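The values are calculated or read from the model by the stated rules, or taken from the named source; none is laboratory data. Owing to the predicted nature of the structure, the values given are computational and were not obtained by experimental measurement. So basically every Cβ, Gly included, is an ideal-geometry build from the backbone, and we count neighbours across all protein chains shown. Heavy atoms of the whole protein, side chains included, go into the accessibility calculation; ligands, DNA and RNA do not. Shrake-Rupley method; radii C 1.70, N 1.55, O 1.52, S 1.80 Å.
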Amino acid sequence: MIIENLVEFASKKFGQNFLKNDVYLHKIIQAMPNDDLRVAEIGPGLGDLTKELVKVRNVTAFEVDKRLCEHLSTEFEEPIKNGNFELRCGDVLERWESGSLLDEPYHLVANLPYYIATNIILKAFKDEHCRSILVMVQKEVAVKFAASVKQKEFSALSVLASSVGKATLCFEVEPEAFVPPPNVTSAVLLIEKNQSHNDEKFEAFLKIAFAQPRKKLSKNLVAVFSKDIVNSIFDKLELDSNLRPHEAGTSIYHHIYNELKDNLDGKQQSRQQKQSKSRAKNSQNR
Ligand code: SAM
C-alpha cells in the first residue's frame, strides 16, 4: 500500500499517531525485559515498531484498522510464513473479554492508542499471562501510574500499579516524533509485574478513596461508608485523620480495603439510590 499523505491517512477515531523516529524506536527495544518471552503488540499501525520487535522476539500483534491489517499482511509476509509474526485483526479489548490475550506468558510492548490506553493497562494488570507492560502513553498518564506515595500525582492508578509490581517512567517523547503529532507530550512507561490484580471491588474502593484528591481521605470514605466504621479503622491502623489520599501508601489502602470490603456493595448501592432519588427530585424542580 502506498500512502501519499500520512496525516490525511491517519484515523483520529483509532488514535493513530505513528512513531517516526529511529532513536525512540531503539530506546523502546533497549528498555524491554531481557528474556525470550513472546511479545504482544497492540496497534502495530504501519509496522515501524513491529519491524524492530520481530528482529529480537516472536510477536503477536493486534490491529483494529482493516486498512492497516491488509498492509501488515503484505509487509510481514516473510515473518508470518516463518512463524515469527502473527497478526490478529480486530478490537483488542474484545479479545480480552474471553480471557488472556495470549495463551502463554508474554510481554506487552506498544505505542498505545491514547483514547483507550488506561483501559488497556488495567486489562493487562488482570491478565495472568502478562509479565510486563512497556508502553508509550500520554505523559500525564505515565506520571500517574509511576508516582510514589506523597507525590501530588500519587493516584488510584499508582496504587494499582504498585499492587502488581514496579512502575517506571523510562523517558519522555516530544510530539514532533510522531506523524501526525499528538497535542500532548508522550512518555514510555514500564511496569514489571510480579503478580496480577483481579479485584474489581478494590478498583471501586480506590475510586471512592481518591474521589476528591485534595480532601482528607477520611472525608472521601465517609461520603460512602459510616463515620463510625471509618473512624474505628483509622484508630485500629493508627492513621492520622488529616491524611490526604496521596499521603497513604499502597499497603494502607489494602488494609483499609480489607476492613471495608464487605460493606462495599451495599454502600455503593445505597449511594446510587440516593443519587438517583436526588436526580429525580431535581428533574421535578426544572
Ligand atoms: N505502533 C504504531 C506506531 O508506533 O507508529 C501505531 C501506533 S498508533 C498510536 C495506535 C495504533 O493502535 C493504531 O494502529 C490503531 O489503529 C491501533 N488501535 C486503535 N484502537 C485499537 C483497538 N481497539 N484494538 C487494536 N488496535 C487498535
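Of all residues in region 66-87 being surrounded by fewer than 17 Cβ atoms within 10 Å (Cβ to Cβ) and part of a loop (DSSP other than H, G, I, E, B), which is farthest from the ligand (Cβ to nearest atom)? Filtering region 66-87 for residues that are surrounded by fewer than 17 Cβ atoms within 10 Å (Cβ to Cβ) and part of a loop (DSSP other than H, G, I, E, B), the one farthest from the ligand (Cβ to nearest atom) comes out as 83. Return a yes/no flag: does region 23-34 have any residue that is more than 16 Å from residue 133 (Cβ to Cβ), part of a helix (DSSP H, G or I), near the ligand (Cβ under 10 Å from one of its atoms) and open to solvent by 20 Å² or more (accessible area, probe 1.4 Å). Scanning region 23-34 turns up at least one residue that is more than 16 Å from residue 133 (Cβ to Cβ), part of a helix (DSSP H, G or I), near the ligand (Cβ under 10 Å from one of its atoms) and open to solvent by 20 Å² or more (accessible area, probe 1.4 Å).
Which of the residues spanning region 98-123 are in contact with a Lys or Arg (Cβ under 8 Å, 6 or more places away or on another chain) and either of a type outside the set (A, V, I, L, M, F, W, C) or part of a helix (DSSP H, G or I) (or both)? Steps first, answer last, please.
Filtering region 98-123 for residues in contact with a Lys or Arg (Cβ under 8 Å, 6 or more places away or on another chain) gives 101-102, 104-107.
Of everything in region 98-123, those that are in contact with a Lys or Arg (Cβ under 8 Å, 6 or more places away or on another chain) and either of a type outside the set (A, V, I, L, M, F, W, C) or part of a helix (DSSP H, G or I) (or both) turn out to be 104, 105, 106, 107.
Consider residue 95 carefully, then state whether it is within 9 Å of the ligand (Cβ to nearest atom) and open to solvent by 20 Å² or more (accessible area, probe 1.4 Å). Spell out the reasoning first.
On the way: within 9 Å of the ligand (Cβ to nearest atom): yes; open to solvent by 20 Å² or more (accessible area, probe 1.4 Å): yes.
Judged against the criteria, residue 95 is a match.
Can residue 95 be described as over 28 Å from residue 181 (Cα atoms), of a type in the set (Lys, Arg), part of a strand (DSSP E or B) and out of contact with any Phe, Trp or Tyr (no Cβ under 6 Å at 6 or more places or on another chain)? Here the answer is no, as residue 95 does not meet what is asked. Selection of region 31-48 for residues being within 21 Å of the chain's Cα centre (by Cα) and over 21 Å from residue 88 (Cβ atoms) yields 31, 33.
Of all residues in region 160-204, none satisfies the criterion of being of a type in the set (Phe, Trp, Tyr) and touching a Ser or Thr at 6+ places or on another chain (Cβ under 7 Å).
Let me confirm something: among 209, 204, 223, which residue is out of contact with any Gly (no Cβ under 8 Å at 6 or more places or on another chain), open to solvent by 60 Å² or more (accessible area, probe 1.4 Å), touching a residue at least 12 places away in the same chain (Cβ under 8 Å) and more than 15 Å from residue 150 (Cβ to Cβ)? First the steps, then the outcome.
Values: 209 fails: open to solvent by 60 Å² or more (accessible area, probe 1.4 Å); 204 fails: open to solvent by 60 Å² or more (accessible area, probe 1.4 Å).
Answer to the selection: 223.
Within the option set 9, 14, being more than 10 Å from the ligand (Cβ to nearest atom) and closer than 21 Å to residue 114 by Cβ holds for one residue only, 9.
Name the residues in region 43-59 that are touching a strand residue (DSSP E or B) at 6+ places or on another chain (Cβ under 7 Å) and either at pLDDT below 95 or more than 12 Å from the ligand (Cβ to nearest atom) (or both), would you?
As a first pass, look at region 43-59 and keep what is touching a strand residue (DSSP E or B) at 6+ places or on another chain (Cβ under 7 Å): 43-46, 48-50, 53-54, 57-59.
54, 57, 58, listed by residue number.
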